[in-house]
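Working notes, beginning with the structure itself.
The values are calculated or read from the model by the stated rules, or taken from the named source; none is laboratory data. Computed from a predicted model, the values in this text were never measured in an experiment. Counting neighbours? That spans all protein chains shown, and the Cβs are built from the backbone with ideal geometry, glycine included. All accessible areas refer to the heavy atoms of the entire protein, side chains included, with ligands and DNA or RNA removed. Shrake-Rupley method; radii C 1.70, N 1.55, O 1.52, S 1.80 Å.
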Amino acid sequence: MPHFELAMLLIFMAAIIRGYTGFGFAAIAISGLSFIWPAKVSVPVILILDLLCSIGLIRKAWRYANIDLLKQLSFGAFIGIPIGLVILIKVPDQLLKLSVSLSVLAMSIWLLKPHSNHLTPNKWLTRMIGSISGGFTAAASIGGLPVVCYLLLTPYVAHVQRATLVLFLSATDLASVALMVANKIINISLWLPTLILLGPAFIGVLVGQWLFHRNPPKSFRHIALPVLISLSALSLYFNLHSVH
């Protein structure tokens, strides 16, 4: 894999933001790694890293998560994940990168706007969002963004939203990784770079948490979203340029 030092730096930066804001690791990492690695490499590597980095958050999340919401999101996700996996396998790399960059950019810009709680969650809408998120997770490792967009419109308090999101993304990451192993998308050649990148990821999360305790942010929007928008816009520009 080329430019491994740059990959380590990108993962470290994404992990700092994840530790500081609790948001954006996968989306930032995939937007950055799309510059240097094929999507069929970067997506499974990021999914494994995201899954491993979330292990320490799961136990606490069980105390605050909305289990009914989690069940409905998961029901939809396990329909969407196989579809996303087919997209990852079948869609040409350049088109997939363009789609990822455009999706991250659009959802990040939407998240910048303040939203009032005016949406009443229902079973079928929640399942649909879960299905979209599952597909995005398997195809591009950005399944968190659709759920964040949805949760911001619901009346659930912030700590319930965060806890439910942690458990949901851990489950979808695990299911996606298992399917990728079964379909030989993840093989032994990816485990070594994943283990090497695990060090910068864990260190970055610790640094982000230390910064959080020293100076807690009033909102993740002011930190994670500008990075997401910048990286996705640059990735979109270079991918469009390479097509021409």
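Worth pointing out:
- Note on region 167-216: residues that are open to solvent by 10 Å² or more (accessible area, probe 1.4 Å), more than 24 Å from Met8 (Cα to Cα) and among the β-branched types (Val, Ile, Thr) total 0.
- The condition (being within 16 Å of Gly24 (Cα to Cα), free of Cβ contacts under 8 Å to residues at least 40 places away in the same chain, open to solvent by 10 Å² or more (accessible area, probe 1.4 Å) and not hydroxyl-bearing (Ser, Thr, Tyr)) is satisfied by just one residue among Trp110, Trp124: Trp110.
- Boolean, Tyr150 is of a type in the set (Phe, Trp, Tyr) and in a loop (DSSP other than H, G, I, E, B): no
- Scanning region 70-107 for residues that are within 26 Å of Ala233 (Cα to Cα), among the hydroxyl-bearing types (Ser, Thr, Tyr) and open to solvent by less than 40 Å² (accessible area, probe 1.4 Å) turns up Ser101, Ser103.
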